[in-house]
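Trainee: Sharing a structure, written as structure tokens. Questions coming.
The values are calculated or read from the model by the stated rules, or taken from the named source; none is laboratory data. Because the structure is predicted, anything quoted here is derived from the model rather than measured. Don't worry about glycine lacking a Cβ; one is built from the backbone with ideal geometry, like all the others, and counts go over all protein chains shown. For the accessible areas, the whole protein counts, side chains as well, though only heavy atoms, and no ligand, DNA or RNA atoms are used. Shrake-Rupley method; radii C 1.70, N 1.55, O 1.52, S 1.80 Å.
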Amino acid sequence: MQAYSIDLRERVISSVESGECNIPAAARRYKVSEPSIERWLARQRATGTCAPLPHAGGVPRKLASAAATIRAAVKAQPDATLQELCEVVEKETKIQSDPSMMCRELARLKLGRKKSRSMPANATRRA
């Protein structure tokens, strides 16, 4: 979800602080929630600005440090299963992972999983 613009925040704060309208009226007028206005006012008083806080970054990727190992494993055995790749990474880097995590990491590294023609089909086709 996108943060509200600084312009809108400043208009809401100025209308509340000038006494033009109270917080519930400003919430209806500008179509924002009352708790948002209260947070903006508190941030304005505390820091002098009502700008949104920067993105915190999220949880770091567990397999990010094993990128070279994953690339080497895929190059050595291109038709390895996700579980086999997880086992190779755990053996070499001591980082435990599961197949879904490995699949996301392969997508981030832009490594396709090309199966050899000798591998059996994953599903039966309908007749």
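Trainee: Report the calculated FRET efficiency for THR47 and LYS110 (r = Cβ-Cβ distance, R0 = 30 Å), to the nearest 0.05.
Mentor: Values: r = 41 Å, r/R0 = 1.36.
Calculated transfer efficiency: 0.15.
Trainee: Tell me, what % of the accessible area of the stretch 12-82 is carbon and sulfur with a 1.4 angstrom probe?
Mentor: Numbers: 2500 of 4520 Å².
Percent of accessible area from carbon and sulfur atoms in the stretch 12-82: 55.
Trainee: Right, next: Where nothing but the Cβ of Lys and Arg (+1) and of Asp and Glu (-1) is charged, how large is the charge dipole of the chain around its Cα centre, in debye to the nearest 20? Let's see the in-between values first.
Mentor: Details: 23 positive and 13 negative charges, 146 e Å.
Dipole size: approximately 700 debye.
Trainee: Additional query: Would you list which aspartates and glutamates come within 15 Å of LYS31, measuring only between C-alpha atoms, while excluding same-chain residues fewer than 8 positions from it?
Mentor: Reachable aspartates and glutamates: ASP7, GLU10.
Trainee: Ok, one more. Which of ILE37, LEU109, SER14 sits closest to the plus end of the dipole of the chain, meaning its Cα is farthest towards the positive end, when Lys and Arg get +1 and Asp and Glu get -1 on the C-beta?
Mentor: Checking the options against the dipole of the chain, the answer is LEU109.
Trainee: Right, something else. Which lysines have a Cα lying under 29 Å from the Cα of LYS110, excluding residues fewer than 8 positions away in the same chain?
Mentor: LYS62, LYS75, LYS91, LYS94
Trainee: Could you give the accessible area per residue of the stretch 1-84, probe 1.4 Å, as a whole number in Å²? If you can, show how the numbers build up before the last one.
Mentor: Details: 5680 Å² over 84 residues.
About 68 Å² of surface per residue is accessible.
Trainee: Turning to a different aspect of this structure: Put +1 on the Cβ of every Lys and Arg and -1 on every Asp and Glu Cβ in the chain; which of GLN2, PRO99, GLY48 then has its Cα farthest towards the positive end of the dipole?
Mentor: In the chain, that residue is PRO99.
Trainee: Still on this structure, please answer the following. For the stretch 5-45, just the Cα set please: Rg and Dmax, both in angstrom.
Mentor: 8.7, 22
Trainee: Another question, then. FRET efficiency for ALA56 and ALA76, Cβ-Cβ distance as r, R0 = 41 Å, nearest 0.05? Please list the in-between numbers first.
Mentor: On the way: r = 37 Å, r/R0 = 0.91.
Working from the Cβ atoms, E equals 0.65.
Trainee: Can you give the Kirkwood hydrodynamic radius for the stretch 11-107, in Å, rounded to one decimal and based on Cα pairs?
Mentor: It is 17.5 Å.
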